[in-house]
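Written below as structure tokens is the structure these notes are about.
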Amino acid sequence: MNRYLNAKLGTALAMGLLVSTQALAQTPVETDAWRFQLTPYVWMTGLDGQVRPFKGAPTANVNKSFSDVLDNLDAAAFINGTARKAHYVLQGDFSYAATSDKAALPLGLSAQAKIRQTSMTLTGGRNWALSPQSSLDLMAGLRLWQIKAEVNVPGLASAQSNTSFVDPIVAARWRYDIAPRWSTLLYADMGGLSVGSKFTWQIHGSVNYQVKDNIHLSLGYRQLSVDYRDGGKRLDFSQSGPIVGATFRF
């Protein structure tokens with residue numbers, strides 16, 4: 001009987017050690033696994049600045065609220081994505097907006113203007129845990145700009161300008177958990193430095209609520225500015241306004 005009990009205990013102990021060993025072996029794999037999040041968002045942005053789309057054109061002072069932009073909006077798309085593995089982080093942000101407008105000219109003529117703007121930011125870096133509630137990402141990368149402007153006076157003349165440039169940037173992102181389901185996020189970047197544009201910078205702050213384990217809702221504010229000058233062109237403007245988004249983690 002004792003031999004039988006000893007055999008059973010030995011078998012159970014061996015199985016327990018085997019399971020424990022497998023769990024320990026799997027821990028680094030799970031820790032080092034890629035984690036992703038995707039955030040489509042709505043940016044209720046206004047537009048303020050000076051634009052000269054091509055050499056010889058007059059400089060236009062632009063000051064439009066979100067409602068003004070919305071009236072002339074043809075299409076828009078905004079999305080942000082993040083990938084993490086261990087202490088490393090990759091981030092991408094894509095925004096696209098297409099607007100059109102009409103203006104009256106002398107002699108009963110009218111001018112039709114269309115602007116297509118695309119910006120894409122790609123950064124990578126490292127994460128540091130500052131405390132159980134907060135963490136900091138320090139990153140560097142690039143921001144691609146593509147701006148197409150077209151002015152057409154039906155039956156008389158038309159002109160267009162295509163501008164593309166790339167800005168190097170450095171970025172920082174700080175996250176703080178203020179309650180079990182609530183957190184805050186602060187993000188800032190800057191760059192350009194006459195490599196692409198003369199200067200570009202961005203700030204973004206949000207308050208986030210965890211609806212489910214893998215779904216968060218965010219409310220915040222974002223401002224993105226750029227000052228680009230080349231060959232008579234001038235694109236010196238800021239976009240700013242509230243943002244609302246939903247983050248999906250997987």
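The values are calculated or read from the model by the stated rules, or taken from the named source; none is laboratory data. From a predicted model like this one, the values you see are computed outputs, not experimental measurements. So basically every Cβ, Gly included, is an ideal-geometry build from the backbone, and we count neighbours across all protein chains shown. When the accessible area is computed, the model is the full protein with side chains, heavy atoms only, and any ligands, DNA or RNA have been set aside. Shrake-Rupley method; radii C 1.70, N 1.55, O 1.52, S 1.80 Å.
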### Message
Quick check on the range 49-59. Is at least one of its residues in contact with a Pro (Cβ under 8 Å, 6 or more places away or on another chain) and farther than 29 Å from VAL170 by Cα?
### Response
no
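Can you tell me which of ASN72, ASN61, ASN80, ASN127 is over 28 Å from MET44 (Cβ atoms) and not charged (D, E, K, R)? Let's see the steps before the verdict.
On the way: ASN72 fails: over 28 Å from MET44 (Cβ atoms); ASN61 fails: over 28 Å from MET44 (Cβ atoms); ASN80 fails: over 28 Å from MET44 (Cβ atoms).
After applying the criteria, what remains is ASN127.
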### Task
Please identify the pairs in which a residue from the range 222-250 that is within 26 Å of ASN162 (Cβ to Cβ) and in contact (Cβ under 8 Å) with a residue 12 or more places away in the chain has its Cβ atom under 7 Å from the Cβ atom of a residue that is polar (S, T, N, Q) and not in a strand (DSSP E or B), counting only partners at least 6 apart or on another chain.
VAL226/SER197; ASP227/SER197; TYR228/SER197; ARG234/THR59; GLN239/THR45; SER240/THR45
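State which residue is modelled with the lowest pLDDT when the search covers only the range 125-151 and only residues that are open to solvent by 50 Å² or more (accessible area, probe 1.4 Å) and either touching a helix residue (DSSP H, G or I) at 6+ places or on another chain (Cβ under 7 Å) or farther than 23 Å from HIS87 by Cα (or both). Write out each step before concluding.
Going through the range 125-151, the residues open to solvent by 50 Å² or more (accessible area, probe 1.4 Å) turn out to be 126, 128-130, 132-133, 138, 140, 142, 144, 146, 148, 150-151.
With the extra rule that they be either touching a helix residue (DSSP H, G or I) at 6+ places or on another chain (Cβ under 7 Å) or farther than 23 Å from HIS87 by Cα (or both), the set shrinks to 144, 146, 148, 150-151.
Working: LEU144: 97, GLN146: 94, LYS148: 85, GLU150: 78, VAL151: 74.
Taking the candidates together, the pick is VAL151.
Identify the residue in the range 146-174 that is among the polar types (S, T, N, Q) and in contact with a Ser or Thr (Cβ under 8 Å, 6 or more places away or on another chain) and, among all such residues, is nearest to GLY124 (Cα to Cα).
Narrowing the range 146-174 to residues among the polar types (S, T, N, Q): 146, 152, 158, 160-164.
Filter once more, keeping what is in contact with a Ser or Thr (Cβ under 8 Å, 6 or more places away or on another chain): 146, 152.
Values: GLN146: 22, ASN152: 41 Å.
Going through the qualifying residues, I end up with GLN146.
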### Query
If you go through the range 56-105 one residue at a time, how many are part of a strand (DSSP E or B), of a type in the set (A, V, I, L, M) and touching a residue at least 12 places away in the same chain (Cβ under 8 Å)?
11
### Task
For the range 109-117, indicate whether the set of residues that are within 30 Å of ALA83 (Cα to Cα) and in a strand (DSSP E or B) is non-empty.
yes
### Query
From the set of residues in the range 196-225 that are open to solvent by 40 Å² or more (accessible area, probe 1.4 Å) and under 17 Å from ILE147 (Cβ atoms), which is farthest from the chain's Cα centre (by Cα)?
LYS198
### Summary
Taking first residues from the range 33-47 that are farther than 24 Å from ARG84 by Cβ and without any contact (Cβ under 8 Å) to a residue 24 or more places away in the chain and second residues anywhere that are open to solvent by less than 50 Å² (accessible area, probe 1.4 Å) and assigned to a strand (DSSP E or B), the pairs with Cβ under 7 Å that are 6 or more apart or on different chains are none
